[in-house]
Amino acid sequence: MIITTCTEQRAIPVHARGRHLVVDIHCHLGVPAADAIVQAHHPGPPPGINDFTSPRTMAVNRAQFAAIGGRLNGLSERLADMDRLGIDVQAVSPSPGQYFYFTDAEVGRAAARTVNDGIAAAVATHPDRLVGMGTVPLQDTAMAITEMRRCVQQLDLRGIEISSNVNGADLHQPQFAPFFAAAEELGVLLFLHPLGFTHAQRMSEYYFNNLVGNPLESTLAIGHLIFGGVLDRHPGLRICVAHGGGYLPGYWGRMDHGWRARADCAEHCRQPPSSYLRRLWLDTLVFDPLQLDSLVRTHGADRLCLGTDYPFDMSEPDPLGFHSKLADDLQEKVLGANAAELLGIKVVP
């Protein structure tokens, strides 16, 4: 049997409307039909989702979802917003609330298939403006691999969005090893996007479970992938991390020092941890131009991709303006060329 990998898929033709191609690698599309499947078997809010959320934050969240419902779950306003923001292509990934890892495996598989079919159908309506990324039921590794292969080989999706942990299990745990091996074999992009922090007893107020918790989850996930040896065992993995990669890109020196100074830090990774960090791609959703400059300086423009977190309130409101101070050759890479290579996009006249 011939296996189609992501790198062997057809190039997706798109148009650049401005000086450079602009690809948003971090934006979400909800598929309500998947929620209905889960609610039929697991009614009510997902376990733990409100454990670290204050009543004030819950009220703001309810108002936000009421306001963005059309944009999150549909396309008509989305395309107009893309034009307004100067985005040529969105790489749409599932809304993080639709991971559904907490369900039993069969329900999780059915919900993931529904999400992926919904994203593929949306992409098919505007194939020159949308590229799809899917989800998989990581609570069952074998099912996750099967669904990942379907996403790549049948639905022509170009990435798989994963969370930073699976029901509290970190990504270096042995049960996930076959999944990462299959992702490496397929050459498919893994887009790592957290959903709050798992132990956020001190983060319930001020939306800290998102403001602080999401970058902290990304930090831990990257740390486990590096120190747990996953990136040594699978050097061909292509991983892009949301929210600028969390906190490690700004404090990798402490990680390297621990690796040099302590046997328990060097047990599973062979090289200084920062060398693995720079093999990952990061989005540029950091909001402050000085932090963007720091990422370019220490991580390198070749591994950065514009991301907005559309359509949530934590999105970047002016993505082109935010990157406008970069040199023109760096803008070309960060605005779209890097993401185009990861997703198999080709600019056509």
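The values are calculated or read from the model by the stated rules, or taken from the named source; none is laboratory data. In this text, all values refer to a predicted model and were calculated from it rather than measured experimentally. Methodologically, a virtual Cβ is constructed for each residue, glycine included, from the backbone with ideal geometry; neighbour enumeration extends over all protein chains shown.
Residues in segment 183-231 that are aromatic (Phe, Trp, Tyr) and surrounded by fewer than 24 Cβ atoms within 10 Å (Cβ to Cβ) were compared, and the one that is modelled with the highest pLDDT is Phe227.
Scanning segment 20-47 for residues that are surrounded by fewer than 17 Cβ atoms within 10 Å (Cβ to Cβ) and under 21 Å from the mean Cα position of the chain (by Cα) turns up Pro32, Pro46. Restricting segment 48-87 to residues that are assigned to a helix (DSSP H, G or I) and among the hydroxyl-bearing types (Ser, Thr, Tyr), the residue that is surrounded by the most Cβ atoms within 10 Å (Cβ to Cβ) is Thr57. Of the listed requirements (1) under 23 Å from Thr219 (Cα atoms); (2) in a loop (DSSP other than H, G, I, E, B); (3) modelled with pLDDT of 95 or more, Met314 misses just one: (3).
For the residues Glu106, Glu147, Glu161, Glu184, the requirement of being of a type in the set (D, E, K, R) and assigned to a strand (DSSP E or B) singles out Glu161. Here is the figure for segment 102-116: residues that are under 12 Å from Leu29 (Cα atoms) and touching a residue at least 60 places away in the same chain (Cβ under 8 Å) total 1.
Being modelled with pLDDT of 95 or more, in contact with an Asp or Glu (Cβ under 6 Å, 6 or more places away or on another chain) and closer than 19 Å to Leu189 by Cβ narrows it down to one residue among Met148, Met133; which is it? Before you say what the answer is, go through the steps one by one.
Details: Met148 fails: in contact with an Asp or Glu (Cβ under 6 Å, 6 or more places away or on another chain).
Unique residue meeting the criteria: Met133.
Of the residues making up segment 288-326, those that are within 22 Å of Leu29 (Cα to Cα) and aromatic (Phe, Trp, Tyr) number 2. Which pairs have Cβ atoms under 6 Å, sit 6 or more apart or on different chains, and link a residue in segment 127-152 that is among the hydroxyl-bearing types (Ser, Thr, Tyr) to one that is at pLDDT 95 or above? From residues that are among the hydroxyl-bearing types (Ser, Thr, Tyr), the pairs are Thr135/Pro94; Thr135/Ala112; Thr135/Val115; Thr135/Glu161; Thr141/Gln175; Thr141/Pro178; Thr141/Phe179. Restricted to segment 212-242, and to residues there that are outside any loop (DSSP other than H, G, I, E, B) and touching a residue at least 60 places away in the same chain (Cβ under 8 Å), the residue that is farthest from Gly97 (Cα to Cα) is Arg238.
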